[in-house]
Amino acid sequence: MFKIGLIGAGMMGGVHASCYHKLEALGVKVTAVADITEGRAGKLAELSGAETYGSGFDLIEKADVDAIDICLPTYLHTRHALAAMDKGRAVFIEKPVCLTRAEGLALLEKQRQTGVQVMVGQCLRFWNEYVWLKQAADDGRYGQIQSGVFQRLSALPSWSWENWLNRAECSGSMAQDMHIHDTDFIRYLMGEPTGIHTAATRDESQTINHIFTTYHYPSAVLFAEGVWDYPAGFPFGMGYRVKFARATAVFDSNTSPSLVVYQDDGQKVVPELNKLILDNQTSAGNLSDQGGHFNELNYFVTRLIAGESIEEAALAEGVRSLDLVLDEIESVGGARLNP
């Protein structure tokens, strides 16, 4: 049995617990769950009969596990990941990997010292519509990408513990917590940009709440928009519109079919995609299709069980995408302006 220690039993911890439950046929099982909020760890532990711990550090120190999955607020990632690596455990860290550049360097140095496997939860790399886009770009079926627009739109998050998501000192603002999905995927799709240009608007506390970044490449321009301060009734949505030399692909998470390809020959193609609605889901998050989270955790445990190294969304990739987002944030004066 491959044993998982899950730290953090909030919204994302619930999604991960459901994913691991679906992976039990592979011999994977959550055997330890930690959360400082009384009762939350127990709720997730019921899914697999796991032991519970009152803190992540207790779990790291005492639990008999093969890998540790960190689903904590961003500002708590680094301390727990460093402790887990010191114990020789493989680590999965939810995105963004950490809060600061210094923390990113500390994580990379600890990995160099310990040699442990670390993966970051940049789940778009495993989301079906984005997997299709990456494959189409790599195999050249429609020629080169010429332009692209990526969007991630949301109402103000209301599910975070002690409202940490809306505190820039804890999350880095929506630019670092949510927009990083598209920044990371654009890097994955196109490589490092030759230049970027960012603009942003801010809320009453002068924290970024809407960001717009253009990524320049030698033969293409891509653009990403992220926002999370729309009214409470506004539905979460993510998507892209990418123009290849011989087709345009459009993905909208709120439509069916979600992905349509408009070819230059006039044909409209709807790629076949496998949607995954998790059974026994304890926390749905903001999407009904949780396939990207399942796919990334399936990759994580499958590679570890086989004794293979983590290549996709490895620690170094997570840190590099963090650096690029911080470049964006710093170029507009920081996540929160000084009053």
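The values are calculated or read from the model by the stated rules, or taken from the named source; none is laboratory data. Quantities reported herein were computed from a predicted structural model and do not represent experimental measurements. Note that each Cβ is placed from the backbone with ideal geometry, even for glycine, and that neighbours are counted across all protein chains shown. What goes into the accessible areas is simple: the full protein's heavy atoms, side chains included, and nothing from ligands, DNA or RNA. Shrake-Rupley method; radii C 1.70, N 1.55, O 1.52, S 1.80 Å.
Things worth noting here:
- Taken together, the criteria exclude Asp265 from residues that are acidic (Asp, Glu), in a strand (DSSP E or B) and open to solvent by 40 Å² or more (accessible area, probe 1.4 Å).
- Condition met for Met119 (in contact with a helix residue (DSSP H, G or I) (Cβ under 8 Å, 6 or more places away or on another chain) and in a helix (DSSP H, G or I)): no
- Helices (runs of 4 or more DSSP H) contained in segment 138-244 and holding at least 3 residues out of contact with any helix residue (DSSP H, G or I) (no Cβ under 6 Å at 6 or more places or on another chain): 180-190
- Qualifying residue in segment 45-55 (condition: within 22 Å of Val120 (Cα to Cα) and not polar (S, T, N, Q)): no
- Looking at Leu82, Leu6, Leu76, Leu47, just one residue is among the hydrophobic types (A, V, I, L, M, F, W, C), closer than 20 Å to Gln290 by Cβ and surrounded by fewer than 24 Cβ atoms within 10 Å (Cβ to Cβ), and that residue is Leu47.
- Per the conditions (1) open to solvent by 30 Å² or more (accessible area, probe 1.4 Å); (2) farther than 28 Å from Gln176 by Cα, the sole criterion not satisfied by Arg40 is (2).
- Those residues of segment 30-44 which are modelled with pLDDT of 95 or more and either closer than 19 Å to Val301 by Cα or polar (S, T, N, Q) (or both), in sequence order: Val30, Thr31, Ala32, Val33
- Any hit, segment 110-130, residues being at negative phi, at pLDDT 95 or above, open to solvent by 50 Å² or more (accessible area, probe 1.4 Å) and among the aromatic types (Phe, Trp, Tyr): no
- Restricting segment 9-37 to residues that are over 21 Å from the mean Cα position of the chain (by Cα) and in a strand (DSSP E or B), the residue that is surrounded by the fewest Cβ atoms within 10 Å (Cβ to Cβ): Lys29
- In segment 310-339, residue nearest to the chain's Cα centre (by Cα) [restricted to those that are part of a loop (DSSP other than H, G, I, E, B) and closer than 20 Å to Tyr299 by Cα]: Ala313
- Scanning segment 5-33 for residues that are farther than 23 Å from Ile305 by Cα and touching a Gly at 6+ places or on another chain (Cβ under 6 Å) yields one hit, Met11.
- Residues in segment 299-316 that are open to solvent by 50 Å² or more (accessible area, probe 1.4 Å), touching a residue at least 24 places away in the same chain (Cβ under 8 Å) and not acidic (Asp, Glu): 4 in all.
- Of all the numbered requirements in (1) part of a helix (DSSP H, G or I); (2) over 18 Å from the mean Cα position of the chain (by Cα), Gly49 misses one, and that requirement is (1).
- Selection status of Asp58, charged (D, E, K, R) and either under 21 Å from the mean Cα position of the chain (by Cα) or crowded, with 22+ Cβ neighbours inside 10 Å (or both): no
- Residue that is least open to solvent (accessible area, probe 1.4 Å), among those in segment 207-255 that are among the acidic types (Asp, Glu) and within 20 Å of Glu328 (Cβ to Cβ): Glu225
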